[in-house]
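*Asks:* Input: one structure, supplied below.
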Amino acid sequence: MASEGPHTASGRPHTANERPLSRRSLLGRTAAVTAVAAGATALTAASAGTAAAATRDVDVAIVGAGLAGLTAARDLVAAGRTVAVLEARGRVGGRVLGLTLPNGEVTEGGGEFIGPTQTRIKALADSLGVGTFATYNTGKNLLYKDGKRTPYATDGLLGSVPPVDVAGLANAAAVQAALDDMAKQVPVDAPWTAAKAEEWDRQTFETWLRANAVIPSAKFLLDVACTSIFSAEPRELSLLFVLFYIAAAGEPGTPGTLERLTETANGAQELRFTGGSQQVPERLAAALGDRVVLNAPVRTIARSGGGSYVVTADGVTVTAKRVVVAVPPPLAARISYDPLLPAARDQLTQRLPMASVGKAIAVYDTPFWRADGLNGQVVSDTGVISSTFDNSPPDTSFGALMGFIEADRMRELDAAGEAEVRAAVLKDYVTYFGAKAASPTAFVLQRWNNERYTRGGPVSIAAPGVLTRYGRALREPVGGIHWAGTETSVHWMGFMDGAVRSGERVAREVLAVL
């Protein structure tokens, strides 16, 4: 996700710099770690100094300093190529963002979890010296449904599936099995070629659920799974897109499953990064040094008479043999291209809007819910927060409850002030965790819909007809322009791992033609 930097809901910068059915050889490995001593402060200072009225001539210009763009830059530099990474915001990381708390600690405002088969982000973090720890998952989950609060164990026969009625559980299990079976028929590198692609892409996920999740409680579980995974309502998504997303929740040799997307233990929410996830892009950028230029939103990408490209950003112009655009499709569409992009590519980006998501983190002296035997994870059918996690650090120096505001609930609050959102969030936390939740020592809010250089999250979504009609343009280069970003990944699309994979893929693609 992206922003001008850590912000409150009002837009003021801070002073410092993926649930069911229950709930989401590097360029100088040594150099990358040792360069961290200089830190992101040196990076920012160097970038600010070089951006003004600068011109650069490089092999590859990279648009976007998220995980995709930075990974591509790392691999290209390791292969001896020159690069310039142009970032619109005053920070690196894209949809990965650390929010600084009043106590000086950091909590994650964007992507934070990783899990099994997400091997590329894990390898990158390991190489940069960023460790991981297990997401807190000891104790009972909470189901809040129809006004009733029900704690339930996550290690019993049903695992972490909320304890709805028996008929609903059976129906939900059948639906989940059907989705997994259909997903196995979807080629992750070309979902539009699936044997039933036309049939599946003619309907929304909502239409399919209404015909298959016929018990109301089962429909509830699948609806929560949908909003938790995509931050979108079932009516907004093509069934084919959902099946591809499930198929992509794995890696070569390990097929994706819905359960891997939704679970904490053995799922996509299993681990967090010690010290916060933004350390990964910050350390990667520090190793790249002044190749990364901040506060440089790209305005135009034009092909010159000699076949090279001129990339014009605020304060800097880069001439390059190849260009990598590593930003979400809707933002890539806002760049002016000369010559014009093929109609299929432009039509694709017009049809891949960002989903809608926010994160609200309330900070307390201690994670008091743990003493009540709760793990901080909630599934709810009401309020603005429908799912939560314990976001406390591993040393429990403070407690933190993180809640997702997603899909329609997020859109309803886009124009609300921070005080209104805070009051609504804390009301939900009190409902779930009791009166102690009413008085946090700090509260931070990140609304991605309102971020200038993201405008939603965590991923672009596809409605019916998009993949089968325009999907082929997703990764296909246009002349010397190549596409990266988590939306272009064939595994773990929408996750940090997908972003890293896309950066590695596009670097190989560019090196093959340079």
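The values are calculated or read from the model by the stated rules, or taken from the named source; none is laboratory data. Since the model is a prediction, treat every value here as computed from it, not as a measurement. Please note: Cβ atoms are built from the backbone with ideal geometry, for glycine as well, and neighbour counts cover all protein chains shown. For accessibility, only protein heavy atoms count, side chains too; no ligands or nucleic acids. Shrake-Rupley method; radii C 1.70, N 1.55, O 1.52, S 1.80 Å.
*Asks:* Step by step: first the residues of segment 230-241, then only those that are touching a strand residue (DSSP E or B) at 6+ places or on another chain (Cβ under 9 Å) and open to solvent by less than 10 Å² (accessible area, probe 1.4 Å), then the one that is nearest to Val186 (Cα to Cα). Which residue is that?
*Replies:* For segment 230-241, the residue satisfying everything is Leu239.
*Asks:* Out of Arg81, Arg91, report the one residue that is modelled with pLDDT of 95 or more, within 18 Å of Pro328 (Cβ to Cβ) and either in a loop (DSSP other than H, G, I, E, B) or within 18 Å of the chain's Cα centre (by Cα) (or both).
*Replies:* The unique qualifying residue is Arg91.
Results for (1) at pLDDT below 95; (2) within 19 Å of Glu259 (Cα to Cα), shown as yes or no for each residue.
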| position | (1), (2) |
| --- | --- |
| Gly109 | no, no |
| Gln118 | no, yes |
| Ile121 | no, no |
| Leu124 | no, no |
| Lys140 | no, yes |
| Ala153 | yes, yes |
| Gly156 | yes, yes |
| Gly159 | yes, yes |
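Every residue, every condition in (1) of a type outside the set (A, V, I, L, M); (2) at negative phi; (3) in contact with a Cys (Cβ under 6 Å, 6 or more places away or on another chain); (4) open to solvent by 10 Å² or more (accessible area, probe 1.4 Å), yes or no:
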site: Gln278; (1), (2), (3), (4): yes, yes, no, yes
site: Gly289; (1), (2), (3), (4): yes, no, no, yes
site: Ala296; (1), (2), (3), (4): no, yes, no, no
site: Arg303; (1), (2), (3), (4): yes, yes, no, yes
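*Asks:* What number of residues within segment 114-137 are of a type in the set (S, T, N, Q) and closer than 14 Å to His491 by Cβ?
*Replies:* Here the count works out to 3.
*Asks:* Given the structure, is Pro255 surrounded by fewer than 24 Cβ atoms within 10 Å (Cβ to Cβ), at pLDDT 95 or above and in contact with a Lys or Arg (Cβ under 7 Å, 6 or more places away or on another chain)?
*Replies:* yes
*Asks:* Scan (1) closer than 30 Å to Tyr364 by Cα; (2) at pLDDT 95 or above; (3) over 14 Å from the mean Cα position of the chain (by Cα) for the single condition Asn103 breaks and write down its number.
*Replies:* Going through (1) closer than 30 Å to Tyr364 by Cα; (2) at pLDDT 95 or above; (3) over 14 Å from the mean Cα position of the chain (by Cα) one by one, Asn103 breaks only (2).
*Asks:* Could you please give the count of residues in segment 183-240 that are on the phi > 0 side of the Ramachandran plot and assigned to a strand (DSSP E or B)?
*Replies:* Going through segment 183-240 one residue at a time, the tally reaches 0.
*Asks:* Next question, about the same structure. If you take the residues of segment 146-175 that are within 21 Å of Met402 (Cβ to Cβ) and under 28 Å from the mean Cα position of the chain (by Cα), which of them is most open to solvent (accessible area, probe 1.4 Å)?
*Replies:* Thr154
*Asks:* Right, next: For the condition in a loop (DSSP other than H, G, I, E, B), modelled with pLDDT of 95 or more and either closer than 27 Å to Trp192 by Cα or over 20 Å from the mean Cα position of the chain (by Cα) (or both), what is the one hit in Ala437, Ala462?
*Replies:* Of Ala437, Ala462, the one residue that is in a loop (DSSP other than H, G, I, E, B), modelled with pLDDT of 95 or more and either closer than 27 Å to Trp192 by Cα or over 20 Å from the mean Cα position of the chain (by Cα) (or both) is Ala462.
*Asks:* If you don't mind, another one. Would you mind finding the one in Val430, Val421 that is surrounded by fewer than 23 Cβ atoms within 10 Å (Cβ to Cβ) and within 24 Å of the chain's Cα centre (by Cα)?
*Replies:* Step by step, each of Val430, Val421 is checked, and only Val421 is surrounded by fewer than 23 Cβ atoms within 10 Å (Cβ to Cβ) and within 24 Å of the chain's Cα centre (by Cα).
*Asks:* Working only within segment 257-297, note down all residues that are β-branched (Val, Ile, Thr) and either in a loop (DSSP other than H, G, I, E, B) or over 28 Å from Ala73 (Cα atoms) (or both).
*Replies:* Result: Thr257, Thr262, Thr264, Thr274.
*Asks:* Tell me the residue from Glu476, Glu487 that is open to solvent by less than 20 Å² (accessible area, probe 1.4 Å), closer than 24 Å to Ala61 by Cα and either modelled with pLDDT of 95 or more or not in a helix (DSSP H, G or I) (or both), please.
*Replies:* It is Glu487.
*Asks:* Restricting to segment 372-393, name every residue that is open to solvent by 10 Å² or more (accessible area, probe 1.4 Å), touching a helix residue (DSSP H, G or I) at 6+ places or on another chain (Cβ under 8 Å) and on the phi > 0 side of the Ramachandran plot.
*Replies:* Across segment 372-393, the qualifying residue is only Gly383.
*Asks:* Mind checking which residues of segment 433-462 are open to solvent by 40 Å² or more (accessible area, probe 1.4 Å) and of a type in the set (Gly, Ala, Ser)?
*Replies:* Ala435, Ala438, Ser439 - these are the residues of segment 433-462 that are open to solvent by 40 Å² or more (accessible area, probe 1.4 Å) and of a type in the set (Gly, Ala, Ser).
*Asks:* Name the residues in segment 310-328 that are surrounded by fewer than 23 Cβ atoms within 10 Å (Cβ to Cβ) and either in contact with a Cys (Cβ under 9 Å, 6 or more places away or on another chain) or within 28 Å of Gly456 (Cβ to Cβ) (or both), would you?
*Replies:* The answer is Thr312, Asp314, Gly315, Val316.
*Asks:* In segment 299-413, which strands (runs of 3 or more DSSP E) lie fully inside it and hold 1 or more residues that are under 30 Å from Thr82 (Cβ atoms)?
*Replies:* Per the criteria, 309-313, 316-325, 336-338.
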